[in-house]
Amino acid sequence: MFRFIAADLVRHRWGALAVAVLIALATALGVVVTLEERALRLGSARAAAAFDLVVGAPGSETQLVLSAVFLQPAPLTLLPGSVLAELLADPRVAYAAPVGFGDFSDDRPVVGTTQPLVDGLGGIAEGHTFMRLGEAVIGAAVPRALGETFHPMHGMAEAHGGVHTAITYRIVGRLAPTGTMWDRAILVPIEAVWHTHAPDDYGHEGHGHEQAADAGAHDVAATSAAAAEASPDRVQPRTIADAYKRRQESEAAGFDAPIMPSAVADPAAPGVPAIVVKPRTIADAYRLRQAYRTDHTLAVFPGEVLTRLYGTLGDARQILAFVALNAQILVAAAVLLVVLIHVLARRRQIGALRAFGAPRAVVFAMVWLEAVLVVGAGLVTGFLLGYGVALLLARQISVQTGVVLPVGFIAEDGGAFLLLFAACGLAALLPAALAYRQSPAAALRD
């Protein structure tokens, strides 16, 4: 019986191949939708894992998360430096790190921040962290070597932003891989970003020239000098002349000067677009979110914002899954029609088999197995094809965004495959039953 089935499939190989290809394409469409939607959810959740709470100015919660967590460029209203200083002094906060963006280097975002966020992202894998204003730490996927230098550009290259020639960053360290868009980022001290951008236009369009950088350097130098004067571990200037001399020394040192953590905690420091907060406990996280959801500040859990985005994504997935299901139903109907026509065309062959003594059950099994083999081959090919396409799409998205999308099957997918296979097996019963009911005498006579 099996040799007869193999010979029949070889004889009708092009028709069987066409049926299998139709089934494979319809199945692959549903597999791609399922795998890609799941990979997007898992990849984005992993990307936001290091961000418990994000504080920004009032506005769109989604845009705040997209900008602060996923580094999507957008003009955000600045938070005053007093908010960062207040968070740094709050006993409920393990750390609070500013996130300043707007500059790029080869279309890779240059992000101003502080050491706690570097540690929160996984720490340094090569070299050391930034300790001076002109030092930078690159993400794991940035194709640059330690010791290289670069000038930041205000905005992306296609926006034709101005190059900040007043500052030259030197790469001194590389972050450990995170599987997120931060692998494509370049981290620099937030004080250097303040030096580069004047406080009154930092985070907005229309600047990027050396004049703005000089203005920012003068303003932050004054802020740093004020913070140094207020710090108990530094020598206090005795006269106004001493203070002015110290400011001149700070400006002369330029971006080779060491960073001053005390300047970040100064309420008079320039503003920042967002602040990443690590609460000490879960209860502290909810209290901080409540405390900073005011008319002047906005605090969000990135996980909650992503959940709402997943809901929208899930709706889109349901629409695509509905389209895929209808395509599969149409293909199944077409395949069933083709198989029925094939069985009717083999009436004389089936009649001859019956005349030579083949039992009805054998004829039934032969027709059913042949249909199931073709359909099963189409299903297996469709799952493999869908997996391959999903991998290619995930890789393309990872190259563009830096987010690693984990594509893979789970036990639920195995159940879906068995369900589809069972449904096709039941559909194949119809042509098999038609062959079973055929009379050998009538078939030979016709």
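The values are calculated or read from the model by the stated rules, or taken from the named source; none is laboratory data. This one's a predicted model, so the numbers in the text were calculated from it and none came from an experiment. All Cβ positions, even for glycine, are placed from backbone atoms using ideal geometry, and neighbour counts span all protein chains on display. Note: accessible area is taken over every heavy atom of the protein model, side chains too, but ligands, DNA and RNA are not part of it. Shrake-Rupley method; radii C 1.70, N 1.55, O 1.52, S 1.80 Å.
Taking θ as phi - 60° and the Karplus parameters 6.51, -1.76 and 1.60, the scalar couplings of the stretch 115-123 work out to 4, x, 6, 4, 5, x, 7, x, x Hz in sequence order, x denoting glycine and proline. Less than 5 angstrom separates the built amide H of Phe101 from those of Gly112, all sequence-distant by 5 or more or on a different chain. With contacts taken as Cα pairs under 8 Å at a separation of at least 6 residues, the stretch 1-94 carries a relative contact order of 16 percent.
Using the Cβ of Trp368 as centre and a radius below 15 Å, the other residues enclosed give a net charge of +1, where K and R count +1 and D and E count -1.
Per-residue Karplus couplings for the stretch 286-299, computed as 6.51 cos²θ - 1.76 cosθ + 1.60 with θ equal to phi - 60°, are listed in order as 5, 5, 5, 4, 5, 5, 9, 9, 10, 6, 10, 9, 9, 10 Hz, Gly and Pro entered as x. Sorted on the mean count of surrounding Cβ atoms within 10 Å across their residues, most packed first, peptides 145-151, 287-293 read 287-293, 145-151.
Size estimate for the stretch 251-308 follows the Kirkwood approach: the inverse of mean 1/r over distinct Cα pairs works out to 14.4 Å. Placing a label point 7 Å from the Cα of Ala45 along the Cα-to-Cβ direction, none of the residues of the stretch 113-136 has a backbone N under 20 Å of that point.
Compactness of the stretch 283-389, taken as the C-alpha radius of gyration over 2.2 N^0.38 Å, stands at 2.16. Around Thr114, under 15 Å between beta carbons, what's the net of Lys plus Arg minus Asp minus Glu among the other residues? Cβ neighbours under 15 Å give a net charge of -2. Structural descriptor for the stretch 84-139: relative contact order 20 percent, calculated from alpha carbon pairs under 8 angstrom and at least 6 residues apart. Accessible surface computed residue by residue for the stretch 381-426, with neighbouring protein chains in place and a 1.4 Å probe, gives 59 Å² per residue. With the highest mean first, a sort of the peptides 74-85, 260-271 on other beta-carbon atoms found within 10 angstrom per residue produces 260-271, 74-85. Placing a pseudo-label 7 Å from each Cα along the Cα-to-Cβ vector at Arg280 and Asp256 gives an inter-label distance of 4.2 nm.
Need one word for the stretch 43-100: rounded, prolate or oblate. Basis is the Cα gyration tensor (sqrt eigenvalues a ≥ b ≥ c); a/c below 1.5 gives rounded, then a/b vs b/c decides. Note, shape of the stretch 43-100 comes out oblate. Packing around the peptides 181-190, 399-408, taken as the average count of other Cβ atoms within 10 Å per residue, puts them in this order, highest first: 181-190, 399-408.
Here's how it looks for Ile259: its modeled amide H is under 5 Å from those of Arg132, Leu133, which are all 5 or more places away or on a different chain.
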